[in-house]
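Below you'll find the structure, written out as structure tokens, and then a few comments.
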Amino acid sequence: MAPNPTTRMLTTREVLRLVFEYCDRRDNGRNALVSKNWSNEALPFVWSSIETLRPLLNLLAPLDVVTDATGERKYRFRRPIRPACWVVFLKYSRHVHEIKSMREKFCDSVFTYIASSRPVIELLPNLRRLNYMNGPESFLPVFLHLKLTQLRLSIDFLDWDQRGTRWLISYLPDRAPNLEYLRLDATRSADAPPELGLDTVIGSLSRLRKLSTSSSLLTPSLLHALSLLPCLESLRVKFPMSVDIRPTKVAVPSFARDDGFPALKSLELESYSFEVVAPILELYRLDHLVHLSVDSFAREPVGEYVNIFSIASTYCPRLQSLELESLPQATKQPIDPTIFFQPLCRCSSLTALTLSNPVPLCLDTKTLIAIVTSLPFLHTLCLEEQSTVPPTLPLSSLVELAPRCPRLERLTLYMDTFLCPPCTTEEHHFEPFKALKILSVGTSPFRSSLKAVTAFLIGVLPRHCNLHHTFDYDNDDELASVNSERWFRAAEILSRATNISTVE
């Protein structure tokens, strides 16, 4: 008897694969128990991405938790591995493409048993992505092979007196030469870290496209090695997990080449001052750079802002996104915003500009209009000023801004709501923003009536625009609470009136 159409559909591999893509891991576990045909299609979805290594090793032999002499809890096999267990293990291990965290600790005997009894094959032959957060371990090279493309390791500076980290990293060029993404996290900072040979190791990974590392690991020799990588598109340097927050310094190597970083499109630097970053941009001439983010752990003066604006506009002609952040400014000295923003006028391709905690900008409507006119492709403009000085930009400037920014989707401004103009009558009808999705008023003081502010915003904001405001922690708690409460009430009225949602 020929199978009916429903039976044929439920036994077709392509159909099953499409259906199982929309099931979670638990459902696919149940699907794998239906039949052999279903099992063959469901198991890859069950085992392709696993949180930890423990369920997989449990297939070889039962695992027990033991406490070593230092009081640390680790796993070990209850018995030796039997040959029949390898048959079961290999059935499932070939489906594993990713290990997400791998935070457990294992006794050395676990991998001694594995090494002495396993067949002559890769332990996880199709592993593509590996995250290990417990520092260097002697068994990690077992998981390195030609198909591995993403690797994340945590480096403990206390281990540097030993040879574990250097020994582990030395395996990368031979065991995992096809890495495309490498992330090295340092658990704490060090003033003078020992030489790990990262420049030699990472410099040999010719297919590396993304690197995320800690500022404590970035040396001049490593910076030079990175500049020679032909495929490196993204470089992110973070501050290590430590309580001693302070600016970081790195010397630009004297042998730097202006044709370095030939493919770099994204550069994110944390804890480096603008004074340190500017020579890197100037010497390497990052022609293909699209995104630049600098999070300085210093209070940056006006001159450093203007300098990095000028260098970025000169040596990064394709720059589209610029994000600069510094520590909150203590100065109340006013500046000339025209001179401050003048170098950015040459970045005509800029689509996103974010300044967090800059010097007091003292913006007025004329200057703001000049900025957006010179940057016609902006879809994000975030000028997140602190409330160290009263705002100089009136809320009414949004009226002039709206028709000139048809692409603007996100806007953050520190504004004065005093003497808010009406816009509900026909003679005061204003053209609203066309694409704005988020308006953030930051810590702007609420100095007009609730009715006047909400009526004005209803006239200039499009429907479904998110209204954000920030609690002002730098001012008196009572005053900040009153200001935040007024903005919250205004946002509630806007939400009911025009479906504008509110976020604090």
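Would you mind listing the strands (runs of 3 or more DSSP E) fully within the range 360-443 where at least 2 residues are of a type in the set (Phe, Trp, Tyr) and free of Cβ contacts under 8 Å to residues at least 60 places away in the same chain? Step through it out loud before you land on a result.
Working: elements: 380-384, 410-412, 438-440.
Counting at least 2 such residues, we get no strands (runs of 3 or more DSSP E) at all.
Reported count of residues in the range 349-373, each being modelled with pLDDT under 95, of a type in the set (Gly, Ala, Ser) and within 29 Å of the chain's Cα centre (by Cα), is 2.
Residues 263, 352: which one is surrounded by fewer than 17 Cβ atoms within 10 Å (Cβ to Cβ) and among the aliphatic types (A, V, I, L, M)? Give the derivation first.
Numbers: 352 fails: surrounded by fewer than 17 Cβ atoms within 10 Å (Cβ to Cβ).
Of 263, 352, the one residue that is surrounded by fewer than 17 Cβ atoms within 10 Å (Cβ to Cβ) and among the aliphatic types (A, V, I, L, M) is 263.
Based on what the data block shows, is residue 43 under 30 Å from residue 153 (Cβ atoms) and either part of a helix (DSSP H, G or I) or within 36 Å of the chain's Cα centre (by Cα) (or both)? Yes; evaluated as a whole, the condition is true for this residue.
Just one of the listed residues (384, 323, 304) is outside the structural domain of residue 414 (by TED's automatic domain parsing), among the acidic types (Asp, Glu) and in contact with a helix residue (DSSP H, G or I) (Cβ under 6 Å, 6 or more places away or on another chain), and it is 304.
Residue by residue through the range 280-319, note down the ones that are surrounded by fewer than 19 Cβ atoms within 10 Å (Cβ to Cβ) and in contact with a strand residue (DSSP E or B) (Cβ under 8 Å, 6 or more places away or on another chain). Those that are surrounded by fewer than 19 Cβ atoms within 10 Å (Cβ to Cβ) and in contact with a strand residue (DSSP E or B) (Cβ under 8 Å, 6 or more places away or on another chain): 290, 291, 293, 295, 297.
Looking only at the range 58-80, filter to residues that are of a type in the set (A, V, I, L, M, F, W, C) and part of a loop (DSSP other than H, G, I, E, B); which one of those is surrounded by the most Cβ atoms within 10 Å (Cβ to Cβ)?
60
Filtering the range 344-359 to residues that are hydrophobic (A, V, I, L, M, F, W, C) and either over 18 Å from residue 266 (Cβ atoms) or in a helix (DSSP H, G or I) (or both) leaves 344, 345, 355, 359. Restricted to the range 255-338, the set of strands (runs of 3 or more DSSP E) holding at least 2 residues that are of a type in the set (D, E, K, R) comprises 266-270, 321-325.
One residue stands out among those in the range 46-57 that are out of contact with any Leu (no Cβ under 9 Å at 6 or more places or on another chain) and assigned to a helix (DSSP H, G or I): the one that is nearest to residue 95 (Cα to Cα), which is 46.
The values are calculated or read from the model by the stated rules, or taken from the named source; none is laboratory data. Here the structure is a predicted model, which means the values were calculated and not measured. Methodologically, a virtual Cβ is constructed for each residue, glycine included, from the backbone with ideal geometry; neighbour enumeration extends over all protein chains shown.
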